[in-house]
Amino acid sequence: MNLLLNESLIFNFFVLLFTGSSMSFDVTQRRIPNWLNLAGIGGGMVLNLWKGAPQFFDSLLGCGAGVGILLIPFAFGWLGAGDVKFFGAVGAIFGLSWIPRLFFYSSVLGLASALISCAATRGIVKQLFKGTLTIPYGVSIGLGALIAFYLDSQGKWAGF
């Protein structure tokens, strides 16, 4: 019982520290450093390996699916490489089964922040065509992960 409690505390601490740090970097520097994403991927895999081989493989698949799902938006220049790696790290932490819910909440929050940014910015059309309007999508990914895990862990709000 005590080991289970410690495992849960370590996992929650890691999730909050990693997502908080990533969101902070994205807001302040408009980038998420590789070392931080690698720490997230490695930490997620170690935490899942601690639970056993099936969870470790779920973590590997979650990382791959997380990166894979954002490769197309990245190829179009809609988001940065740090965001792609961050979503892969979140996938490594939570595993493959969480990817649809994580993607759903990240997308909803990303859309909301884009609409707010558009409404608050003057000369929006001009900025869109120049490519000067950006939003820190890592914040949407991080908040989406926190909402999915802490507020909708059963998938009742998202529907899956």
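Per residue, the convex hull around the alpha carbon atoms of region 48-98 comes to 52 Å³.
Placing TRP157, TRP50 in order of accessible area, with the largest value first and a 1.4 Å probe, yields TRP157, TRP50.
For the chain, modelled as a GNM whose springs connect Cα atoms under 10 angstrom apart, the maximal fluctuation among LEU115, LEU79, LEU16 occurs at LEU115. In the set (i) 1.70; (ii) 1.21; (iii) 1.07, the label that goes with Cα Rg over 2.2 N^0.38 Å computed for this structure is (iii). Ligands, DNA and RNA left out, the 1.4 Å accessible surface of region 22-65 is 71% carbon and sulfur atoms. Sequence-distant contacts, meaning Cα pairs under 8 Å at least 6 residues apart, place the relative contact order of region 55-110 at 48 percent. By the helix-only formula, in which each DSSP H run with n ≥ 4 contributes -39500 (n - 2.57) and the sum is divided by residues, the chain has a 222 nm mean residue ellipticity of -25000 deg cm²/dmol.
Averaged per residue, region 21-72 has 53 square angstrom of accessible surface, using a 1.4 angstrom probe with ligands and nucleic acids left out.
Within 10 Å, at most 12 other Cβ atoms, and a DSSP state outside H, G, I, E, B define an exposed site. Report the longest part of the chain free of exposed trypsin sites (Lys or Arg not before Pro). My reading of the result: 1-121 is the longest stretch. Relative contact order for region 15-160: 28 percent, from Cα pairs under 8 Å spaced at least 6 residues apart, divided by residue count.
The values are calculated or read from the model by the stated rules, or taken from the named source; none is laboratory data. Keep in mind that what you see is a predicted model, and the values were worked out from it rather than measured. Note: ideal-geometry Cβ built from the backbone for every residue, glycine included; neighbour counts use all protein chains shown. For accessibility, only protein heavy atoms count, side chains too; no ligands or nucleic acids. Shrake-Rupley method; radii C 1.70, N 1.55, O 1.52, S 1.80 Å.
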